[in-house]
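Here the structure is laid out as structure tokens; the discussion comes afterwards.
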2 protein chains.
Amino acid sequence: MKKIVLMLLRNLSDEDRKFVIGKIGEYAEIYFQDDIEPYDKAVKEAEVALVSTARSEKTREILANAKNLKFIQSILAGVDNLPYNLLPKDIMISSNAGANAEEVAEFAIALTLAATKKIVLFDRWMRRGIWRNDTPQLIRDAIIMILGYGNIGREIAKRLRAFKPRKLIGVNRRGYKDEYIDDVIKPDKIRDVIGSVDILISTLPLTKETKDFIDKDILSRMKKNAVLVNVGRGRVIIEEDLYRHLEENQGFTAAIDVWWRYPSKKGEETYQETPLHKLDNIIMTPHMAGGWSGFRRKLLDYALDNVKRYLKGENVENIIRIEDYI
Amino acid sequence: MKKIVLMLLRNLSDEDRKFVIGKIGEYAEIYFQDDIEPYDKAVKEAEVALVSTARSEKTREILANAKNLKFIQSILAGVDNLPYNLLPKDIMISSNAGANAEEVAEFAIALTLAATKKIVLFDRWMRRGIWRNDTPQLIRDAIIMILGYGNIGREIAKRLRAFKPRKLIGVNRRGYKDEYIDDVIKPDKIRDVIGSVDILISTLPLTKETKDFIDKDILSRMKKNAVLVNVGRGRVIIEEDLYRHLEENQGFTAAIDVWWRYPSKKGEETYQETPLHKLDNIIMTPHMAGGWSGFRRKLLDYALDNVKRYLKGENVENIIRIEDYI
């Protein structure tokens, strides 16, 4: 008997539906969120669910009623938004880490270069007729630390390597190392080396361990003209500490794609708690590094590969440690 | 007898003077611009001059009186500003091409990524509380053309290669090709392939041949959402044509570091002839790609290596074709 898979994504196009069926139809009975109700029999019997942000009321109701779920596959790399309190305790959950690693890496490097070369600031001055010089930093001379050295970090390192930086240091708790990185350290060693770092790039997911990790202590140990890039999750940094640090250190630059506050509906005017948007030494982008619409098909493809592994009884990838999130 | 070398740079520090003497003192009698007058005997007898922009009145007077000059070494990669009318017809001139190729390449890639990811535009919106999505382009999927494939082009290609672009096409008239570029074409073939190009990066010097090369015909053949980066010389593009093209094609983005108008003195408010600064689809930086003060020592070092070759009777590099400039 085929296992039941719930596709908890809204507004899937006919083309996307066909794509899903083509990928896993052979192994699964597939139900799409827009066609089902929370109390349907299929929901109760479903073994697998593919989810996105799970922010909608309907998605949450469906998850609360899917009492026989054994495996949840996220279409996103970050799984911090899942409604863990509604899920069975022994459930297996996989993130979609790596699916858009190249996209995020390109964006992270775009932010890194925009910050080191002060592109945004120069542009702002030029529009006011001001020709002001400054001293852009060279990647070639920089010591770069990638916080959360995994799929995305590796793609960042591969590309930055071509700029011949002085040193590339990765940070992860597994001790994972490869040929693209000079050195990998554990998180508890960061404070020993952060003082020599010119560019700190965070790709960290939001977990109990990473929340508020970059605080005033870390920031105060950094070089006065260092660059901090965040393409992971906003709450890894303490907003108030970053704001104060930027205000007091005009030579320090932050380039931030992930935030503390997000618009609750499309088009809503949104600022952060602190007036970060008034500072000259921050570059702000609206969570564009990896999640935009043009990529959905690719994310879906990558996520369904893992669902297929589950359905075929093969080893599933990207299984998260639930205790990191609850 | 040692040959006389005129160092036509202003305000050289004691350290820089010592550096110059250390590099070529063994082979040359060195005179620094700040210490000499145009009618000095040393000027008349000098065989070699090292020059920068040669914009100052004193530099020009010295050059006009240096009737025995045989070799001029520029400290800049671009030699379009030299006073060719004051120089002997049979003089040999070398540019400093390659000296800051890595610096310019980093900056060119910073502009390329800022444009493809719309970093500057996102930042402008975010500061007004606007969370607007757009579709950033991927370098990975792009066909990239490097106009003027030489020292700088090679450093750009080396780095972009790590982003795995679909294709890297170089353009030069020598047919020079290396392992970093997929294809090299001659300038007269550009119109045949420009329609497929996603990103056009110009590193062209300003010569009789390159002046006004990028005109409305070239621009109109380009993709509507293409990106144009210029780190060579401003006048390679026709300003009016670029302005009109940007105004009529909001999806097209220009990222420009080199200009038509420059401030005539430090701190002077400067705009271009057309109101480019009012357009959303241009990124503007004040000629920062390769020339800032932190690099002078490196440029000097590179230029003096070539002067030393001349003094020792070795083969001199980077000899320009004077007929390209007069």
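The values are calculated or read from the model by the stated rules, or taken from the named source; none is laboratory data. Predicted, not measured: the structure shown is a model, and the values here were computed from it. In this analysis, Cβ positions are derived from the backbone assuming ideal geometry, glycine residues included, and neighbour counts consider all displayed protein chains.
Here are a few things to note about the model shown:
- If you go through segment B:287-312 and pick out every residue that is in a loop (DSSP other than H, G, I, E, B) and modelled with pLDDT of 95 or more, you end up with 1.
- Residues located in segment B:92-109, provided they are more than 11 Å from chain A (Cβ to nearest Cβ) and touching a strand residue (DSSP E or B) at 6+ places or on another chain (Cβ under 6 Å): B:Met92, B:Ile93, B:Ser94, B:Ser95, B:Asn96
- Residue check, B:Pro205 surrounded by 14 or more Cβ atoms within 10 Å (Cβ to Cβ) and modelled with pLDDT under 95: yes
- If you go through segment B:135-180 and keep only what is within 11 Å of chain A (Cβ to nearest Cβ) and touching a Gly at 6+ places or on another chain (Cβ under 6 Å), you end up with just B:Thr135.
- Boolean, A:Leu204 is within 14 Å of chain B (Cβ to nearest Cβ) and in contact with a Leu (Cβ under 8 Å, 6 or more places away or on another chain): no
- Test for B:Arg60: is it within 14 Å of chain A (Cβ to nearest Cβ), among the basic types (Lys, Arg) and surrounded by fewer than 20 Cβ atoms within 10 Å (Cβ to Cβ): no
- The lone exception for B:Arg132 - which of (1) touching a helix residue (DSSP H, G or I) at 6+ places or on another chain (Cβ under 7 Å); (2) within 19 Å of B:Val231 (Cα to Cα); (3) facing chain A (nearest Cβ under 8 Å) it fails: (2)
- Residue among A:Asp324, A:Asp257, A:Asp305 that alone is within 14 Å of chain B (Cβ to nearest Cβ), of a type in the set (D, E, K, R) and under 22 Å from the mean Cα position of the chain (by Cα): A:Asp257
- Note on segment A:36-60: residues that are in contact with a strand residue (DSSP E or B) (Cβ under 8 Å, 6 or more places away or on another chain) and in a loop (DSSP other than H, G, I, E, B) total 6.
- Of all residues in segment A:149-179 being of a type in the set (Gly, Ala, Ser) and modelled with pLDDT under 95, the one that is surrounded by the most Cβ atoms within 10 Å (Cβ to Cβ): A:Gly150
- Of all the criteria given as (1) touching a residue at least 40 places away in the same chain (Cβ under 8 Å); (2) not in a loop (DSSP other than H, G, I, E, B), the one not satisfied by B:Ile72 is (1).
- Of the residues in segment A:160-177, at least one is touching a Phe, Trp or Tyr at 6+ places or on another chain (Cβ under 6 Å), basic (Lys, Arg) and within 21 Å of A:Asn100 (Cα to Cα).
- Residue, surrounded by the most Cβ atoms within 10 Å (Cβ to Cβ), within segment A:222-278, restricted to residues that are charged (D, E, K, R) and in contact with a Pro (Cβ under 8 Å, 6 or more places away or on another chain): A:Asp257
- Meets criteria (free of Cβ contacts under 8 Å to residues at least 40 places away in the same chain, within 12 Å of chain B (Cβ to nearest Cβ) and not polar (S, T, N, Q)) for A:Asp188: no
- Any hit, segment A:264-273, residues being in contact (Cβ under 8 Å) with a residue 12 or more places away in the chain and either part of a helix (DSSP H, G or I) or within 14 Å of chain B (Cβ to nearest Cβ) (or both): yes
- The condition (being within 23 Å of B:Ile109 (Cβ to Cβ) and in contact (Cβ under 8 Å) with a residue 40 or more places away in the chain) is satisfied by just one residue among A:Leu204, A:Leu111, A:Leu168: A:Leu111.
- Number of residues in segment B:313-322 that are part of a helix (DSSP H, G or I) and loosely packed, with under 13 Cβ neighbours inside 10 Å: the value is 0.
- Criterion applied to A:Ile30, A:Ile36, A:Ile62 was being in contact (Cβ under 8 Å) with a residue 40 or more places away in the chain, assigned by TED's automatic domain parsing to the domain that holds A:Leu9, in contact with a helix residue (DSSP H, G or I) (Cβ under 7 Å, 6 or more places away or on another chain) and of a type in the set (Val, Ile, Thr), and the one residue passing it is A:Ile62.
- Some residue of segment B:77-84 being outside any loop (DSSP other than H, G, I, E, B) and hydroxyl-bearing (Ser, Thr, Tyr): yes
- Test: residue in segment B:110-122 that is of a type in the set (Ser, Thr, Tyr), assigned to a loop (DSSP other than H, G, I, E, B) and either surrounded by fewer than 20 Cβ atoms within 10 Å (Cβ to Cβ) or at the interface with chain A (Cβ under 9 Å from one of its Cβ atoms) (or both): no
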